[in-house]
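The values are calculated or read from the model by the stated rules, or taken from the named source; none is laboratory data. In this text, all values refer to a predicted model and were calculated from it rather than measured experimentally. Positions of Cβ are backbone-derived with ideal geometry, glycine not excepted, and every protein chain shown enters the neighbour counts. What goes into the accessible areas is simple: the full protein's heavy atoms, side chains included, and nothing from ligands, DNA or RNA. Shrake-Rupley method; radii C 1.70, N 1.55, O 1.52, S 1.80 Å.
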Amino acid sequence: MCFAGLCLAVGAVLGIAPFVLEYRATVKLAEAGALARVVAQIQNLETIAAQIRSATGQWQDVQEQAGKTALAAKEIADRMRAEVEAFSQFMQRMNESEKATLRLEVEKLRRAEVEWLQVVVRMLDHVYALHQGAVRSGQPNVLEQVGSFQNACREAARRVGLAPFAANPSEPFDAQRHQLADGDACLPADAVVGETLAAGYTFQGKLLRPALVRLRP
């Protein structure tokens, strides 16, 4: 009976052993599959990590290049600003120099204009005095020649804007266009011009000198 029981136990063990071994093999196979999947995922993670590292490196390179580009742009902007300031200062100096030169030239031209006006007025005064002498001489030929000469001189002066004028006899005295030979004389309210002693002048429409007159008694 012991032997039979032992045989029964051995048979039971032998009958159960294939299932246990199969179960163990199945479990190991499942563990191996899971391990393979985990390894594959780990490899994928490593690939992703490598890609991340590569992207990070590229981003750092991009940042460095962007920093260099920004620095270069700032340097260029600073140089351009300095060039613009230098050019502006140069143009300002040039403008100031040109303005000073132009002012000097204008002053020279004005002085020259005043000088030649004085010369022309003095010449016309002499011509007018010569004409008045010819009038007093009573010689028609002399008066005609001197009158023609005076008209020619006055026409030449009018071409540059200088126009002589004389007060007509019996013309009412005008304080703006006439000047008394005797500045201290008393001026009556109904004063009338009797004689023009020296012609007056206008230059380019502006009164340059009033006519010197003597009042009629």
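Ranking 121, 45, 91 by how far each Cα lies toward the positive end of the dipole of the chain (charges on Cβ) leaves 45 at the top. Over the C-alpha trace of region 1-126, radius of gyration and Dmax come out as 52.8, 181 angstrom.
Once the C-beta distance of residue 197 and residue 143 is scaled by a Förster radius of 25 Å, the resulting FRET efficiency is 0.85 to the nearest 0.05. Ligands, DNA and RNA left out, the 1.4 Å accessible surface of region 99-183 is 55% carbon and sulfur atoms. When the surface is traced with a 1.4 Å probe over the full set of protein chains, residue 19 keeps roughly 140 Å² accessible. Selection among 6, 164, 135 by position relative to the dipole of the chain gives 6 as farthest towards the positive end (Cβ unit charges, Cα centre). Taking the Cα centre of region 75-210 as reference, the dipole from Cβ charges on Lys and Arg (+1) and Asp and Glu (-1) amounts to some 280 debye.
Calculated mean residue ellipticity, 222 nm, the chain: -27500 deg cm²/dmol, from DSSP H runs (n ≥ 4) at -39500 (n - 2.57) each, averaged per residue and rounded to 500. For region 173-217, the square roots of the Cα gyration tensor eigenvalues, ordered a ≥ b ≥ c, give a/c of at least 1.5 with a/b greater than b/c, which places it in the prolate category.
Averaging over every viewing direction, what projected area does the convex hull of the Cα atoms of the chain cover, in nm²? Averaging across all directions leaves 33.9 nm² for the Cα convex hull.
Among rounded, prolate and oblate, which fits region 130-198 when a ≥ b ≥ c are the square roots of the eigenvalues of its C-alpha gyration tensor, a/c under 1.5 means rounded, and a/b larger than b/c means prolate? Note, shape of region 130-198 comes out oblate. By the Kirkwood approach, averaging reciprocal distances over each pair of separate Cα atoms, region 1-52 gets a hydrodynamic radius of 14.3 Å.
What the chain shows is 77 Å² of accessible area per residue, with the surface traced by a 1.4 Å probe over protein heavy atoms. Extent along the principal axes, Cα only, for region 90-217: 70, 40, 20 Å, with the longest axis given first.
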